[in-house]
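K.L.:
My questions will all concern the structure given below.
Laboratory data are not the source of any read-out in this text; all were calculated from the coordinates shown. Owing to the predicted nature of the structure, the values given are computational and were not obtained by experimental measurement. Backbone-built Cβ (ideal geometry, glycine too); neighbour counts: all protein chains shown.
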Ligand code: B12
Ligand code: SF4
Ligand code: SF4
């Protein structure tokens with residue numbers, strides 16, 4: 001089979017498996033990969049030590065898979081017909097980032113990529129080797145996505161596709177076989193700076209560069225210790241991840257909704273009732289979030305975030321539950337509950353908020 005035909009059949013199969021985008025990048029270095037080391041050296045990775053431990057491999061795909069020639073990059077749209085966080089205004093509820101509303105995406109993409117790998121194996125020579133990764137492997141996925149023609153790096157560092165915007169999850173299949181290579185997409189950000197201006201924690205020291213230590217996504221998911229006090233107020237109602245720098249992006253104005261069943265939102269994941277979360281025991285937490293992205297920060301991390309969201313809500317109805325959390329067995333939760341109480345006791349009384357409603361569709 002010719003290289004061209006092989007490439008076409010693999011791409012066609014990726015689309016049949018439900019991926020929205022697929023392209024092929026060369027398994028070689030690039031200026032963006034060189035930037036990775038500078039980013040680490042600046043300290044922007046914070047406590048994500050796994051990023052520096054795997055730096056050598058991330059900078060050179062040959063160290064991940066000797067003989068690697070091509071990287072098949074697949075993108076899955078995860079947008080669903082529900083409003084953006086910038087339209088969320090209910091002081092009783094927290095905000096969970098859009099990617100975390102359905103099943104944990106790692107399993108969803110890994111399953112599809114495994115099936116793509118099985119299919120490719122039927123076409124490839126026996127000695128061909130491959131590796132697949134979704135997020136957790138030593139591969140800087142967005143760089144290969146760019147060179148596979150899936151999109152460009154937005155100034156918010158997210159990969160943006162002209163047709164689908166940035167609500168995309170990525171997975172890669174690295175192969176020792178040469179395939180037809182795609183062309184990188186040019187930058188379409190132009191003079192726009194909406195994402196940089198909208199970030200509530202000022203996490204962009206410059207366009208295309210994120211200081212993860214200030215990003216709400218890092219603070220609510222990756223950080224295991226106390227949230228720095230100066231960043232608590234700007235976190236608003238976020239309890240897991242953040243979508244703001246994507247919500248404001250003009251390329252996300254035109255919406256495309258995923259048909260993938262496993263990514264359809266579960267109402268209890270989207271904008272959860274803060275008091276309900278604050279009252280979760282360890283057992284109830286495990287039952288409610290098993291297999292979902294919300295499991296990741298564990299109960300102690302999630303309740304830490306919930307305390308911050310309550311402290312920012314201006315809603316004094318949370319005072320009794322926060323007082324209960326002062327007795328929690330986790331010191332991290334107790335400290336954040338005390339901070340939240342200080343915020344609410346100082347807050348002016350406000351009219352009662354509307355009764356909680358089920359999230360509405362756009
Ligand atoms: C660590 C990590 C994080 C960290 C750090 C994010 C970051 N920007 O680096 C935190 C926890 C903050 C995070 C947050 C999010 N993440 Co994340 N994350 C990752 C992970 C595991 C590694 C990313 C990485 O290598 N960062 C290192 C830095 C150096 O890379 P970078 O920011 O992409 O920087 C590149 C550009 O700056 C670039 N560059 C390009 N042009 C230019 C121009 C100039 C002038 C300069 C200076 C640099 C530059 O060079 C760098 C590459 O070396 C990847 C999965 C993977 N294995 O790749 C997912 C991944 C990037 N995350 C993803 C998602 C969905 C998110 C969130 C949207 C989740 C959420 N809603 O909360 C947010 C988005 C926040 C944001 N604005 O980036 C998706 C991104 C999909 C997409 N469309 O881009 C990925 C690819 C996971 C996946 N498999 O789908 N994430
Ligand atoms: S995800 Fe939120 S906190 Fe992080 S850079 Fe974007 S707007 Fe800022
Ligand atoms: S908001 Fe503007 S600058 Fe930011 S990623 Fe979107 S188009 Fe680019």
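K.L.:
Any idea what the relative contact order of the chain is, in percent, if you count C-alpha pairs under 8 Å spaced at least 6 apart?
P.N.:
23 percent
K.L.:
For the stretch 201-257, report the % of Cα-Cα distances exceeding 16 Å.
P.N.:
Roughly 48 percent, once rounded to a whole number.
K.L.:
Please work out the ratio of the alpha-carbon Rg of the chain to 2.2 N^0.38 Å and round it to two decimals.
P.N.:
Normalised Rg, Cα atoms only: 1.05.
K.L.:
Something else: Could you work out how far helix 31-41 tilts from the main Cα principal axis of the chain, as a 0 to 90 degree angle to the nearest 10?
P.N.:
Once rounded, one gets 40 degrees.
K.L.:
Taking only the alpha carbons of the stretch 288-352, what extent do you get along each of the three principal axes, in Å, biggest first?
P.N.:
Over the stretch 288-352, Cα extents along the principal axes are 39, 24, 14 Å.
K.L.:
Moving to a separate point now. Treating the angle as unsigned and between 0 and 90°, give the value, to the nearest 10°, between the Cα long axis of helix 105-121 and the longest Cα principal axis of the chain.
P.N.:
Once rounded, the angle reads 10 degrees.
K.L.:
On to the next question. Name the most mobile residue of 317, 309, 337, meaning the one with the largest mean-square fluctuation, in a Gaussian network model of the chain with Cα contacts below 10 Å.
P.N.:
Among 317, 309, 337, the largest mean-square fluctuation in the Gaussian network model of the chain belongs to 317.
K.L.:
Given N residues in the stretch 74-132, what is Rg(Cα) / (2.2 N^0.38 Å)?
P.N.:
Cα Rg divided by the expected 2.2 N^0.38 Å: 1.76.
K.L.:
Give me Rg over Rh for the stretch 227-298, both radii from the alpha carbons and Rh done the Kirkwood way, two decimal places.
P.N.:
1.01
K.L.:
For the chain, what does -39500 (n - 2.57) per DSSP helix run (n ≥ 4), summed and divided by total residues, give at 222 nm, in deg cm²/dmol to the nearest 500?
P.N.:
Value at 222 nm, helices only: -10000 deg cm²/dmol.
K.L.:
Which values of log₁₀ I(q)/I(0), to two decimal places, follow from the Debye formula for the stretch 136-195 at q = 0.12, 0.17, 0.24, 0.30 Å⁻¹ with a uniform point scatterer at every Cα?
P.N.:
Log10 I(q)/I(0), no solvent term: -0.32, -0.60, -1.05, -1.39.
K.L.:
Kindly provide log₁₀ I(q)/I(0) values, in the same order as q = 0.11, 0.18, 0.20 Å⁻¹, from the Debye equation applied to equal alpha-carbon scatterers of the stretch 48-148.
P.N.:
Debye output, listed in q order: -0.49, -1.02, -1.16.
K.L.:
Can you give me the orientation-averaged projected area of the convex hull built on the Cα atoms of the stretch 1-89, in nm²?
P.N.:
Hull-based average projected area comes out at 9.6 nm².
K.L.:
Return, ordered by residue number, the residues of the stretch 145-162 whose backbone nitrogen is under 14 Å from a label point located 7 Å along Cα→Cβ of residue 209.
P.N.:
156-157
K.L.:
Treat each spin label as a single point 7 Å out from the Cα along the C-beta direction, and report the residue 63 to residue 135 distance in nm.
P.N.:
Output for this residue pair reads 2.4 nm.
K.L.:
Measuring from the lowest to the highest alpha carbon on each principal axis, how far does the stretch 218-355 reach, largest first, in angstroms?
P.N.:
Reported extents, whole Å, longest axis first: 44, 34, 31.
K.L.:
Cα axis of helix 331-346 to longest principal axis of the chain: angle in degrees, 0 to 90, nearest 10?
P.N.:
60 degrees
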